[in-house]
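Some notes on the structure that comes next.
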Amino acid sequence: QVQLVESGGGLVQPGGSLRLSCAASGSIFSIYAMGWYRQAPGKQRELVAVFTSGDSTNYADSVKGRFTISKDNAKNTVYLQMNSLKPEDTAVYYCHANPPWWRVGVPDYWGQGTQVTVSS
């Protein structure tokens, strides 16, 4: 059974930092592409940062230079280091696991989300 469990969210002042963690289970971490998305109230879910093929990374323009995605394969955990946080970063952040193209008919998976609130 696949589970993605996020942690590390909370309330932080503008300019502060947080590190989100996503612990994966279900024997998917080694082959699924891991990433982070977020959804603010009244907004659509959007890409924040993802690992692409060959473990390259892709970031939303709004977070480039401030956020860093990383992972620890031994711990089956993906991280999102968020620095220089802004109020517009306030959202529920979701961990995501996308199967490789050759796993036909296999769905992607989402974590339950963790709230990040940036406010003074």
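The values are calculated or read from the model by the stated rules, or taken from the named source; none is laboratory data. Here the structure is a predicted model, which means the values were calculated and not measured. Note that each Cβ is placed from the backbone with ideal geometry, even for glycine, and that neighbours are counted across all protein chains shown. Ligands, DNA and RNA are stripped out before the accessible areas are found, and what is left, the full protein with its side chains, is counted by its heavy atoms. Shrake-Rupley method; radii C 1.70, N 1.55, O 1.52, S 1.80 Å.
Quick notes on this structure:
- Segment 30-89, relative contact order [Cα under 8 Å, separation at least 6], %: 24
- Solvent exposure of the chain amounts to 55 Å² per residue of accessible area, where only protein heavy atoms count and the probe is 1.4 Å.
- Partners of Lys64 within straight-line reach, counting lysines whose Cα lies under 25 Å from its Cα and excluding those fewer than 8 residues away in the same chain: Lys43, Lys86.
- Accessible carbon and sulfur surface of the chain relative to its total accessible area, %, 1.4 Å: 46
- Multiplying each eigenvalue of the alpha-carbon gyration tensor of the chain by 5 and taking the square root yields semi-axes of 24, 14, 13 Å, largest first, rounded to whole angstroms.
- Qualifying trypsin sites (Lys or Arg not before Pro) for segment 54-120 [loop in DSSP, other Cβ within 10 Å: at most 13]: Lys64, Arg103
- Contact order relative to length of segment 1-41, as percent, for alpha carbon pairs under 8 angstrom and 6 or more apart: 42
- Based on Cα contacts under 8 Å between residues 6+ apart, the chain shows a relative contact order of 37 percent.
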